[in-house]
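Data first, discussion second: the structure below is written as structure tokens.
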Amino acid sequence: MSHFYALLVSALAAGCCPCAADVGDFSLCLQFFYKSWPPKGLTGTPICQRYYNQYQFATLYSRPRRSPWFSAYSYSAPEGKRPSANWKYEPQLAYPGADGNMIPFPPGPPDQNVVDSQAVDLDYINCTYTRGHLNPSLHHRSHDGRSATFTLTNVVPQKMGSNDGPWEVLEQTVNQTLAAYCLGEAHLVTGAIPYRSNNRWLKNHRVAVPEYMWSAYCCPNYNHSLPGELKDTFPTYAAIGRNDRNSTEEIVPVNTTAKKQFRGYDVRKMSLETLEKYLKDRFNTVVSVFYERCGGSD
């Protein structure tokens, strides 16, 4: 065990960390869900993602896959430059009694408990996938809020053709749409869809690769003077993006005229109901993303 972790464990044993548990329960970060209602139907380990003692977003994490099923957050229009990619991890996945704040990876070889419990930097080095944010830095105003998205518990292996192409366009479009027309709070959930069979992995079954990514937002209070092309984008809207250019086209068709580096990584925009239909088909259970599909009254 490294000196850093020896000190951490010693402090915990001495009762020097009064921190509440942020792993295993969403009760401390329900504000990131519409009506304080986390999505139903998916199973995993809840994480209230804390940075500098402030909750920034929520993640449902899959320990066996070492990657998130979804991240949920509240939108705020971005300000300033994109923070540098200072990648972090979740100590409580490795040590249940650890401090709840995400921590930058220290220099040198990672602690084995961290390696066993979650993805680490080495998983993404010399591979053909990028670190694909579920909760993107672009959708947050504060510097800490943007920096907090750079944690590997908020990341799935994403092909560059998706991350730098159609999926990036989707994130920018959502940012522009919500900034211009959402008058109240907007809640977003972005997640991963696994392969139906024969899962793909990084580094010998280290981190599971999703076949698709999905995203949806809920903004019940919006400007009703919408341009024609945006009439069907409120109060909810959703999308699914390809992460494998060789996938079949029944969920997302391929634009054969797209630039070569982006071809096969298309994003299909759709209603929330259509998204939930595809999630039900792939997960073999009813998946509900927002409380009463973003229509529940107070």
Would you work out the relative contact order for the chain, in percent, from Cα pairs under 8 angstrom that are 6 or more residues apart? 18
Restrict the search to region 247-298; then list the GluC sites (Glu not before Pro) that DSSP places in a loop and that have at most 16 other Cβ atoms within 10 Å of their Cβ. GLU249, GLU250
Region 166-214 versus region 22-52: alpha-carbon centroid distance in Å: 17
Cβ-derived FRET efficiency at R0 25 Å, ASN175 paired with ILE125, nearest 0.05: 0.25
Longest segment of the chain lacking trypsin sites (Lys or Arg not before Pro) that sit in a DSSP loop with at most 13 other Cβ atoms within 10 Å: 1-80
Between LEU183 and ARG263, how many nm apart are label points set 7 Å from Cα along the C-beta direction? 4.6
Please give the contour-minus-distance gain from GLU292 to THR43: 0.36 nm per residue of separation, less the Cα-Cα distance, rounded to one decimal in nm. 87.7 nm
What number of lysine-lysine pairs in region 141-298 show an alpha-carbon separation below 18 angstrom, given a sequence spacing of 8 or more or placement on distinct chains? 6
The chain, Gaussian network, Cα under 10 Å: of VAL155, VAL207, VAL169, the residue fluctuating most is VAL169
Would you calculate, for the chain, the mean residue ellipticity at 222 nm contributed by helices, counting each DSSP H stretch of 4 or more residues as -39,500 (n - 2.57) and dividing by all residues, to the nearest 500? -5500 deg cm²/dmol
In the chain, carbon and sulfur make up what percent of the accessible area (probe 1.4 Å)? 51
For a quick check, take a GNM of the chain with Cα springs below 10 Å and name the residue from SER76, SER62, SER84 with the largest mean-square fluctuation. SER84
With the other protein chains left in place, how much accessible area per residue, in square angstrom, belongs to the chain at a 1.4 angstrom probe? 45
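The values are calculated or read from the model by the stated rules, or taken from the named source; none is laboratory data. The structure presented is a predicted model; accordingly, all values stated were derived computationally and were not measured. Cβ atoms come from the backbone with ideal geometry, glycine included; neighbour counts cover every protein chain shown. Areas reflect the complete protein model, heavy atoms only, side chains present, ligands, DNA and RNA absent. Shrake-Rupley method; radii C 1.70, N 1.55, O 1.52, S 1.80 Å.
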